[in-house]
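Worksheet for the structure shown next.
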There are 2 protein chains.
Amino acid sequence: MASKRKNAFYAQSGGVTAVINASAAAVIATCRQHCDVIGRVYAGRNGILGALREELIDTSRLSDAMLAGLRHTPGGAFGSCRYKLGALDRDRAKYERLVEVFRAHDIGYFFYNGGGDSADTCLKIARLSESMGYPIQAIHVPKTVDNDLPITDNCPGFGSVAKYVAVSIREAGLDVASMAETSTRVFILEVMGRHAGWIAAAAGLAATREQEAPHIILFPEIAFDPDRFLAKVEESVRDHGYCAVVASEGLRNADGGFLSEAGTRDAFGHAQLGGVAPYLAQLVQDRLKLKFHWAVADYLQRSARHIAAKVDVRQAQAVGRAAVKLAVKGHNAVMPTIVRVADRPYKWKIGVAPLDQVANVEKKMPREFISADGYRITAKCRTYLSPLIGGEDYPPYAGGLPEYVRVPHRLVAAKLAPFAP
Amino acid sequence: MASKRKNAFYAQSGGVTAVINASAAAVIATCRQHCDVIGRVYAGRNGILGALREELIDTSRLSDAMLAGLRHTPGGAFGSCRYKLGALDRDRAKYERLVEVFRAHDIGYFFYNGGGDSADTCLKIARLSESMGYPIQAIHVPKTVDNDLPITDNCPGFGSVAKYVAVSIREAGLDVASMAETSTRVFILEVMGRHAGWIAAAAGLAATREQEAPHIILFPEIAFDPDRFLAKVEESVRDHGYCAVVASEGLRNADGGFLSEAGTRDAFGHAQLGGVAPYLAQLVQDRLKLKFHWAVADYLQRSARHIAAKVDVRQAQAVGRAAVKLAVKGHNAVMPTIVRVADRPYKWKIGVAPLDQVANVEKKMPREFISADGYRITAKCRTYLSPLIGGEDYPPYAGGLPEYVRVPHRLVAAKLAPFAP
């Protein structure tokens, strides 16, 4: 139990989101409320690398105004990283370094804000107590636009991407519909989601009637069949005058290979790296001779704080607060989860999951969330997704632009010799 | 002068915008206020094609609630088209058909809502009085995201795209900055702007300090130099850890050719563009071996009503109202313009321009708006652009999605034999 006052370490890991900083602000603010057991909160510069390099940002220097600003600022304010710690025996030197750094700065609490891979790192840190005799409590703060963490009903960061994608295809659909007769007939929007179709599925929320965009959703869970796809495109153009397609970047061929790899070329014949949309556009042009346009949202979708879902912001804050409360209660190797209590009206609460049941487990989208023909979402899926894009949470604006804050990365004086991970 | 009561024809032409329907609603509502001289307002289905085919939508059937909804609905509610009328001698049959349709429906006012090419069509209609003895007043309602109409200080539709692009690169820039150490170093966002760099320039508003995104803007006005570009990318990565690039779809080589031309052309004979971002990404990959990501906003940017600029919405409404008032005053072959009265605080008023000075004239971006090195905007440019993205004008939401309206395209009973343009 956290009897003696210890400092805390917080870091952001993996792909950032529009609301991860809302979790960060909640962690920091809640630690301040428990100053009897938690001392300073050191944020790692660029995730776990900040701990390995002893690059620590003292968040006690952050004003309340700055914390308030973090609540509505996208990206990772302290820097994030894609860095996975190996097994203890393989990466022993790194774990010893971590213990050294934690000891040097009296760190007894470890909050790691990330997805599946990060949960694995967090679990390894949690086991430092037993594996290396260093007393620490590690709590994972869930975050991923991929929505693929297990146990939790959904993941902070996903709801805002889902909202962005649904809003964008509804708007672009209206654009294409009004021009289709003499201009673009087929519009393709590529969205994120390398292994699971959660984000692509969210686009389906935009269509409340069969004739509305998107007419076709291409999921990574459904092997891509060019002929069936082209037939569906023709059908949509015939019935509605145009066809709006949302394609997941993770779309795969029947052989399981990514469409975006191996000789994919964009609409103009350029060799392409990651570009499902231009690939599909080329297919439509070659085989159907229909005028097309395509868009790739890429980072725009996961950083679009200007259209974040209020529910998502609230949940990102809630898991941050809960993580600290779990630590104060003496928990270790756990992750706060979002538990759905009711669909309509949507009600949720915070639960808790043991990290060893979270790390490296990927939640796939249930097949029953995808229509029989594989191109649409089912009513079940809509019931699950709808509440997650609920509400608007606009950032403050000045001069027509959102006022986002930047945390200066002033580092705490190092006490140890440099270390290169 | 409009002494005898006549009906009006309104149509949308060319690429649609996030606010063209706000102009439409203003035209219709203002006509209703002048019921002493203006009877019904018939909207052409799919632009001028609606007139040629006698496909007319009687807007008197639209409720006030529907008109209010149009104010915040993107796309072209009545359908738009890319269709250019040729010279009188070449397309005589079409002009005779137009006169036939106008006469059959007692149309004496013609409101055409479009850009440069549409202004040319509108001017030809305006001259029907002299060329074919049919009395009509044609007023052009300015609209183009390209902001390339002459005389008017700016064009309705541009401000909202400008805001979308500036907001998006600010957000994506924060995302990339937080991941750069272990992930993406170079991010490229492709934006619209066939011949003029107005939209690309607007991205520059996001950077208030040298280290902020975008670090490089590629304008169609500046011939693309691969070596200079790559050197600049390396410099930015060295100085800031990453590089955010905004590239115009109209980017050209030293020989004047588009960097990625589809080879296909639209109805106006314009080259169809897109794919500059992947081309540049490939260049960065091949020559600098830096991890990259790219996005192509395409139609998302011009239909993004959810982040429209309030100034833009107001101006779109103002030109719609002004067009009707000009018609009522007896004007013909004119276009209401936006006149800038002051920069800070921004003040503007409505002026008027003769159509023969507008049609087919493309306003380029002044060279003094682009920095000496060709990669940034100047203070002068910022002063011009800043007010145009001012204010937010959020649409109403339900269930997490914007509530956009759809005008049913119920057509007035035809009085004439069919005609195939």
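For B:Ala372, the distances from its label point to the matching points in the remaining copies are 7.0 nm, ordered from shortest, with each point set 7 Å beyond Cα toward Cβ. Taking R0 as 56 Å, what FRET efficiency do you get between B:Leu416 and A:Thr208 from their Cβ-Cβ distance, rounded to the nearest 0.05? In this case the efficiency is close to 0.90. Summing Lys and Arg as +1 and Asp and Glu as -1 over all other residues whose Cβ lies under 13 Å from the Cβ of B:Leu128 gives a net charge of +2. Label points for A:Pro418 are taken 7 Å from Cα along Cα→Cβ. From this copy to the others they lie 7.9 nm apart, shortest first. Rounded to the nearest 20 debye, the dipole magnitude of segment B:286-394 is 240 debye, with +1 charges on Lys and Arg beta carbons, -1 on Asp and Glu beta carbons, and the Cα centre as origin.
On the basis of the beta-carbon distance and an R0 of 22 Å, A:Glu368 and A:Ala231 show a calculated FRET efficiency of 0.35. Between B:Tyr397 and B:Glu403, the built amide H atoms are under 5 Å apart, and every one of these is 5 or more places off in sequence or on another chain. Summarising the amide proton neighbourhood of A:Gly351: residues at separation of 5 or more, or on other chains, whose placed amide H is nearer than 5 Å comprise A:Thr337, A:Ile338, A:Val339.
Across the identical copies, the label point of A:Gly399 (7 Å from Cα in the Cβ direction) is separated from its matches by 4.0 nm, in order from shortest. Summing charges over all other residues whose Cβ lies under 12 Å from the Cβ of B:Val358, with Lys and Arg as +1 and Asp and Glu as -1, gives -4. Would you work out if segment B:158-304 is rounded, prolate or oblate? Take a ≥ b ≥ c from the square roots of the eigenvalues of the alpha-carbon gyration tensor; rounded if a/c is under 1.5, else prolate when a/b is larger than b/c, oblate otherwise. Oblate, because a/c is 1.5 or more while a/b does not exceed b/c.
As a length-normalised measure over Cα pairs under 8 Å and 6 or more apart, the relative contact order of chain A settles at 23 percent. Taking only Cα atoms, what is the 0 to 90° angle, nearest 10, from helix B:226-240's long axis to the longest principal axis of chain B? Result, in degrees: 70.
Using a 1.4 Å probe on the protein heavy atoms, what percent of the accessible area of segment A:158-304 belongs to carbon and sulfur? Summing carbon and sulfur atoms, their accessible area is 48 percent of the total for segment A:158-304. Between B:Ala162, B:Ala126, B:Ala104, the Gaussian network model of chain B with springs among Cα atoms under 10 angstrom shows the greatest mean-square fluctuation at B:Ala104. The H on the amide N of B:Thr17, modeled in the peptide plane, is under 5 Å from the matching H of B:Gly75, each at least 5 residues off or on a different chain. Computed extension length for A:Thr383-A:Ser63: 111.2 nm, one decimal, from 0.36 nm per residue of separation with the Cα-Cα distance subtracted. Calculate how steeply helix B:116-126 sits against the longest principal axis of the alpha-carbon atoms of chain B, using the helix alpha-carbon long axis, and give the answer as 0 to 90 degrees to the nearest 10. Helix B:116-126 sits roughly 10 degrees off the main axis of chain B. Which of these, A:Pro278, A:Pro366, A:Pro156, has the largest mean-square fluctuation under a Gaussian network model of chain A (Cα springs below 10 Å)? Checking each option, the largest mean-square fluctuation is seen for A:Pro366. Estimated translational diffusion coefficient (Stokes-Einstein, Kirkwood radius over Cα pairs, 10 °C, 1.306 mPa s) of the protein assembly as shown: 57 µm² per second.
Taking every residue in B:389-401 and counting other chain Cβ atoms within 10 Å of its Cβ, the average works out to 5. Once a ≥ b ≥ c are taken as the square roots of the eigenvalues of the Cα gyration tensor of segment B:285-363, is the result rounded (a/c under 1.5), prolate (a/b larger than b/c) or oblate (a/b not larger than b/c)? Prolate, since a/c reaches 1.5 and a/b exceeds b/c. With the gyration tensor restricted to C-alpha atoms of chain B, the semi-axes of the equivalent ellipsoid amount to 41, 22, 19 Å, longest first. With contributions of -39500 (n - 2.57) from each DSSP H run of at least four residues, the per-residue ellipticity at 222 nm computed over the protein assembly as shown stands at -10000 deg cm²/dmol. Oblate is the label for segment A:7-114, because a/c, from the alpha-carbon gyration tensor with a ≥ b ≥ c as root eigenvalues, is 1.5 or above and a/b does not exceed b/c. Rolling a 1.4 Å probe across the protein heavy atoms gives segment B:158-304 an accessible surface of 27 Å² per residue.
For A:Asp225, the solvent-accessible surface computed with a 1.4 Å probe is close to 60 Å², ligands and nucleic acids excluded. Note on segment B:158-304: antiparallel DSSP beta bridges, both residues inside, total approximately 20 percent of the bridges counted.
The values are calculated or read from the model by the stated rules, or taken from the named source; none is laboratory data. Owing to the predicted nature of the structure, the values given are computational and were not obtained by experimental measurement. No Cβ is skipped: glycine too gets one built from the backbone with ideal geometry, and neighbour counts run over all protein chains shown. SASA here: full protein model, heavy atoms, side chains in, ligands and nucleic acids out. Shrake-Rupley method; radii C 1.70, N 1.55, O 1.52, S 1.80 Å.
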